[in-house]
Amino acid sequence: MQKTLPDTPATQLKTWHELESHQKKIAELSIAEHFKNESDRMERYWLEWEDFIVDFSKNRIDKKGLELLLHLAEEAGLKAAIEAQFTGSKINATENRAVLHTALRRLDNQPLLVDGKDVLPEIRGTQEKMYTFCEKVISGTWKGYTGKAISHVVNIGIGGSDLGPAMVVEALAHYENHLDVRFVSNVEGDHHEEVLKGLNPETTLFVIVSKTFTTQETLSNAQSIRAWFLKNAPETAVSKHFVAVSTNTEKTAAFGIAPENTFPMNDWVGGRFSLWSTVGLSICLAVGPEHFEGLLEGAGKMDLHFRETPFEKNIPVILSLLSIWYNNFWGAESEVIVPYTQYLRNLPAYLQQGIMESNGKSIGRDGNPVDYQTGTIIWGASGTNAQHAFFQLIHQGTKLIPADFIAFKKSLKGNTDHQNKLLSNFIAQTEALMNGKTLAEVQKELDSSGMDKAEQERLTPFRVFEGNKPTNTLLIDQLTPASLGALIAMYEHKIFVQGVLWNIYSYDQWGVELGKQLANKVLDDIQGKQNHPHDPSTSKLLSKI
Ligand code: F6P
């Protein structure tokens, strides 16, 4: 296996130990105290780039801690690793592949060689094919088998072939055209039946998305939906209603998809990083090529920022380092992501795959088990809904949960009253999380309520908020295809930086294979084709099905 990235375990980096000592030194200092100690905190812990503001001042970090984290990044060889990724080095060494989702949103056409071949012309050609197809469908030039225009699109895919497109289509609902774009992912038959409800085969287009074209869920759904379609339509109609996105053009052909209806993708695009490729076909259908290009452009600009900006001003680098700080030096187990917009309610679910499938690894790049924590557990929901669901635990629970708060200054539809209320909650929560409510404040409040003394004393401890809960605030001008592209790319780069520093391979996913293999075996058992030996628990469960 070719060594394309350094392979020093994180705990063998000198700065790692300095960070351990430093954390002990400042562990008792609250964020509020850091503010008192550092008069320049609002300059040092504040980043502005394009229409993004990142305020990371509300963190349990001081000047020295930040310097050490930045030094850790240098020591781990991050700069060279970033270049290795962008220039097509095979940094996905366990699959012997380059990692080039960034090539799909390149703002220029400078040659980019993979195995000696410039991939840019092919990327542009495929994008053109996709845009031409989408324009035909959107304009109604593309006709279904009875001559009617397409009104509905169903994306059939799972994991990276579903989560990204589904999240973006929902996020960009404000920009969508007349096409109704739906998603079928789960192998559960009821799921596709629900999605197909009310659909007319004459006016529906099915987009089968599978990088490998071997995924059980997607192929089962595609077969069943094809059978549903053929109940009404003749076999010759399939080419007008089924298209495919895959690297495996042999298998798409075997499924009966014509080459002209097959949109290729490359093996150097990982499934969970693929919405920028032809996997984004459903996005492009929903919002049109112009907005799809906007998405790519925003991501492309974030790529440049990440590649060219010194680490201390580099948004993805700073966010990654803070995440490592809590994960590895404060024992935080999870991170919460709270976008203050319903449009991004699926962002946490999308990032769960990106972050947890990428960095949920325990073997270092040197082939040995790591002796430190890697991937963070990601969860979240949209604000303000989340405030009425799980915020209690963040405010007064026992766990340390660093949070990303994301909001857009301007709403899309212009309702200022609601936007002000939304943003006031957004700002108030991070303030409350940091400052909490002291004993003295609670006593004063209860005193002025006229409550009797004994009752006051009984209730006081429950009303105290410890505060000191870390947050990053991301304030973006408006939710546009470009700002969304930049936001997603920002998190992608955060994943990469963490993988480099944790000395793990972020771009494979061997951990999901075992379950897939066993599911096939168990299916044989359920269908009575075989009787595989199982452990007692599994056997008893199988006997009940
Ligand atoms: O869950 C594992 C996985 O391989 C993901 O990485 C991928 O996004 C998903 O399955 C779907 O794979 P495919 O696009 O090949 O159907």
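The values are calculated or read from the model by the stated rules, or taken from the named source; none is laboratory data. Just so we're clear, the structure is a prediction, and the values are computed from it rather than from any experiment. Glycine gets a Cβ as well: all are built from the backbone with ideal geometry, and neighbour counts include every protein chain shown. Note: accessible area is taken over every heavy atom of the protein model, side chains too, but ligands, DNA and RNA are not part of it. Shrake-Rupley method; radii C 1.70, N 1.55, O 1.52, S 1.80 Å.
Yes/no per residue for (1) assigned to a helix (DSSP H, G or I); (2) in contact with a helix residue (DSSP H, G or I) (Cβ under 6 Å, 6 or more places away or on another chain):
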position: HIS493; (1), (2): yes, yes
position: PHE496; (1), (2): yes, no
position: GLY499; (1), (2): yes, yes
position: ILE504; (1), (2): no, no
position: TYR507; (1), (2): no, no
position: ASP524; (1), (2): yes, no
position: GLY528; (1), (2): no, no
position: ASN531; (1), (2): no, no
position: SER539; (1), (2): yes, no
Open item on the list: For the list (1) open to solvent by 30 Å² or more (accessible area, probe 1.4 Å); (2) in contact (Cβ under 8 Å) with a residue 60 or more places away in the chain; (3) in contact with a strand residue (DSSP E or B) (Cβ under 9 Å, 6 or more places away or on another chain); (4) in a helix (DSSP H, G or I), I need the number of the one condition that THR236 fails.
Closed with: (3)
- [ ] Tell me which of these GLU235 doesn't satisfy, since it passes every other one: (1) away from the ligand (no atom under 13 Å from the Cβ); (2) closer than 23 Å to GLY354 by Cα; (3) of a type in the set (Asp, Glu).
- [x] (2)
Task: Single residue of segment 140-176 satisfying the filter (part of a loop (DSSP other than H, G, I, E, B) and within 15 Å of the ligand (Cβ to nearest atom)) that is most open to solvent (accessible area, probe 1.4 Å) - done: ILE158
- [ ] Could you tell me which residue of segment 478-510 is surrounded by the most Cβ atoms within 10 Å (Cβ to Cβ), considering only residues that are within 14 Å of the chain's Cα centre (by Cα) and among the hydroxyl-bearing types (Ser, Thr, Tyr)?
- [x] SER506
TODO: Quickly run through segment 1-42 and pick out the residues that are at pLDDT 95 or above, closer than 25 Å to LYS361 by Cα and among the basic types (Lys, Arg).
DONE: LYS14
TODO: Hey, could you check segment 334-376 for residues that are in contact with an Asp or Glu (Cβ under 8 Å, 6 or more places away or on another chain) and among the hydroxyl-bearing types (Ser, Thr, Tyr) and say which is surrounded by the most Cβ atoms within 10 Å (Cβ to Cβ)?
DONE: THR376
- [ ] Count, please, the residues in segment 187-212 that happen to be part of a loop (DSSP other than H, G, I, E, B), open to solvent by less than 70 Å² (accessible area, probe 1.4 Å), among the charged types (D, E, K, R) and more than 16 Å from the ligand (Cβ to nearest atom).
- [x] 0
Task: Unique match (being touching a strand residue (DSSP E or B) at 6+ places or on another chain (Cβ under 7 Å) and touching a residue at least 24 places away in the same chain (Cβ under 8 Å)) among LYS90, LYS64 - done: LYS90
TODO: For segment 239-272, enumerate the residues that are of a type in the set (Lys, Arg) and either away from the ligand (no atom under 14 Å from the Cβ) or exposed (fewer than 15 other Cβ atoms within 10 Å of the Cβ) (or both).
DONE: LYS240
Open item on the list: Which of the helices (runs of 4 or more DSSP H) found entirely inside segment 3-97 contain at least 3 residues meeting this: open to solvent by less than 70 Å² (accessible area, probe 1.4 Å)?
Closed with: 14-26, 31-37, 63-75, 78-86
- [ ] Working only within segment 273-295, note down all residues that are within 16 Å of the ligand (Cβ to nearest atom) and either in contact with a strand residue (DSSP E or B) (Cβ under 7 Å, 6 or more places away or on another chain) or part of a helix (DSSP H, G or I) (or both).
- [x] PHE273, THR278, VAL279, GLY280, LEU281, SER282, ILE283
- [ ] Enumerate the pairs (first residue in segment 255-274 and free of Cβ contacts under 8 Å to residues at least 12 places away in the same chain; second residue anywhere and more than 14 Å from the ligand (Cβ to nearest atom)) with beta-carbon separation below 7 Å, excluding pairs fewer than 6 apart on the same chain, so at least 6 apart or on different chains.
- [x] PRO259/ALA253
